[in-house]
Amino acid sequence: MQIRFLAAIAIFLGSYLPLALILLAQDVNYTLLGNGLCWRLFSQHSACVIPLGHPRFSLAILIICFICFCLTLVGLSVSRPKLPIRITESRYIPAELMSYTLPYVVSFMSIGYQETGKFVGLTIFLAWMFWITYKSGQTMLNPLLTVFGWRLYEIKYVFPNNGIVRIGRALARGDIEPGLSYPHIAVQDIVILRARTVIEER
């Protein structure tokens with residue numbers, strides 16, 4: 001199943017929630033925190049000061065990434081894998097998920113909203129990253145899913161009444177065991193398994 005373009009954008013933006021948090025933290029004016037917090041964001045005549053250099057921008061990006069991540073979780077929870085596959089081999093590969101995002105988060109620790117040129121460069125870079133992941137069928141590899149129990153596997157599997165062994169990568173919430181059959185749905189090049197539902201062999 002080919003993922004819809006807008007859904008792919010939402011999944012991609014959700015995976016960069018940590019980056020949005022880092023940029024928000026770098027936008028805070030910590031010298032103003034001693035005066036107490038003030039969140040009258042749209043007040044033009046308020047004497048209080050929001051302790052953010054670019055409050056509308058930084059908060060908007062954080063909220064968008066958070067909503068996109070929530071939509072990813074909801075989309076996975078309402079998906080209904082039905083067609084069974086039998087797992088012949090499986091290998092848990094946690095480093096694969098982590099390597100997808102963390103290098104980019106660390107690389108841009110020095111970028112802030114006040115540095116327009118660098119931020120535009122970051123935006124262009126992320127746009128290319130999205131296009132590459134979308135075209136390569138890897139959009140579903142969101143490392144934040146590991147926090148909610150999702151695991152990435154490299155699997156060998158066969159369809160019922162078909163002895164052809166296929167190789168792929170699978171996302172499953174929980175452990176999967178070789179020799180058992182699970183319902184699945186394919187999203188681009190990633191197999192999503194309902195690991196807690198084992199299908200009895202007939």
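Only the coordinates and a few stated rules stand behind these numbers; no lab work does. Being a predicted model, the structure only gives us computed values, none of them experimental. For neighbour counting, all protein chains shown are included, and Cβ atoms are generated from backbone atoms with ideal geometry for every residue, glycine included.
Could you tell me which of rounded, prolate or oblate describes segment 112-198, using a ≥ b ≥ c as the square roots of the eigenvalues of the alpha-carbon gyration tensor, with rounded for a/c under 1.5 and, failing that, prolate when a/b is larger than b/c and oblate otherwise? Prolate shape, in that a/c is at least 1.5 and a/b is the bigger ratio. For the pair residue 5 and residue 135, the difference between a 0.36 nm per residue extended length and the Cα-Cα distance amounts to 45.8 nm. Between residue 88 and residue 25, the modelled label-to-label distance comes to 4.6 nm, taking each label 7 Å out from Cα in the direction of the beta carbon.
Tell me the net charge near residue 164. Cut-off is 15 Å between Cβ atoms, residue 164 excluded, with +1 for each Lys or Arg and -1 for each Asp or Glu. Here the charged neighbours net out to +2. Using 0.36 nm per residue and subtracting the Cα-Cα separation, the extra length available between residue 74 and residue 148 on full extension is 25.5 nm. The gain in end-to-end length when the residue 177 to residue 165 segment is fully stretched comes to 2.7 nm, 0.36 nm per residue minus the alpha carbon separation.
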